[in-house]
Amino acid sequence: MHHDYPTMFWGVVHHPSVNCEIDLAHLRAWELPVVAPEVFAALDDFTGLVFVRDPLPRFLSACAEHFRNFRPDEGFSQRRPETQRRLICRLIRTDLTTAAVHGDHRYIHFSPQRWFTHLGERRIIRHILPLRSGDEDFGPAFALLGLPPAPSDRQNRSVGADWQALVCPEILAFVHAFYRMDYEMLAADPALRSLLPPTPMPAPAPAPPLPLFRPSGLRAALRLMRDSQMGAGLH
């Protein structure tokens, strides 16, 4: 927030050129040239860096942030893990679509990370660094910026180290599909591959097909037809 550009990159504003509300603290690649075209044009002249995370704990953090800011009546942070899982699954089924995340600032934290680092196929950020949950070493960032290392700590954590307790097959499947572009970005960069899960995400077990009839009822009907035919043949 300490810069000489006239726009303060904080808060939500309605921007007439795109006719929607924009979260200035979380500008996606296509929003930056709309809000600050001079900054976008000068990106190549500055040392820019972005931290990226494992999409799964990042998604769970986004869920906690969303419930705290926009659905406080749910009391998400005070719920037991199994209740939190149900609330997250309900959110997945009813609200989390690409259109909602793209156009509704209330879902900004669910944006794929690639939306911030690339504009189409063009990478707009020079340096993309991995950030692991619980890893507070920002030394590489200070070195890239030409600054001496300084003590740093992450504030306002949404979920703690026990985030694995919130995971279930439905959530895994959603994250794997919705953030496919992020997983592909991590896999393509040797410096980011350490953020990938050690094994491929398991797909949820397919739901059993709904029965179209009751087999016992069908068998009974066939027996009745057979018995009636046999009976007719005896006379």
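Brief remarks follow.
- Count of the stretch 81-103 residues which are among the charged types (D, E, K, R), buried (at least 16 other Cβ atoms within 10 Å of the Cβ) and without any contact (Cβ under 8 Å) to a residue 12 or more places away in the chain: 0
- Qualifying residue in the stretch 107-124 (condition: touching a His at 6+ places or on another chain (Cβ under 8 Å), of a type outside the set (A, V, I, L, M, F, W, C) and not in a loop (DSSP other than H, G, I, E, B)): yes
- Here residue 73 meets the list (1) assigned to a helix (DSSP H, G or I); (2) surrounded by fewer than 18 Cβ atoms within 10 Å (Cβ to Cβ); (3) touching a strand residue (DSSP E or B) at 6+ places or on another chain (Cβ under 9 Å) almost entirely, failing just condition (3).
- Among residues of the stretch 19-43, those that are part of a loop (DSSP other than H, G, I, E, B) and surrounded by 15 or more Cβ atoms within 10 Å (Cβ to Cβ), counted: 7
- Any hit, the stretch 77-94, residues being closer than 30 Å to residue 6 by Cβ, more than 14 Å from the chain's Cα centre (by Cα) and in a loop (DSSP other than H, G, I, E, B): no
- Only listed residue being surrounded by fewer than 19 Cβ atoms within 10 Å (Cβ to Cβ), among the basic types (Lys, Arg) and within 28 Å of residue 196 (Cα to Cα), chosen from 106, 58: 106
- Test: residue in the stretch 122-137 that is touching a residue at least 60 places away in the same chain (Cβ under 8 Å), surrounded by fewer than 16 Cβ atoms within 10 Å (Cβ to Cβ) and more than 23 Å from residue 180 (Cα to Cα): no
Every number in this text was worked out from the coordinates using simple rules, so none of it is lab data. The model shown is predicted, which means the values in this text are computed figures rather than measured ones. Because the Cβ atoms are built from the backbone with ideal geometry, glycine has one as well, and the counts that use them run over all protein chains shown.
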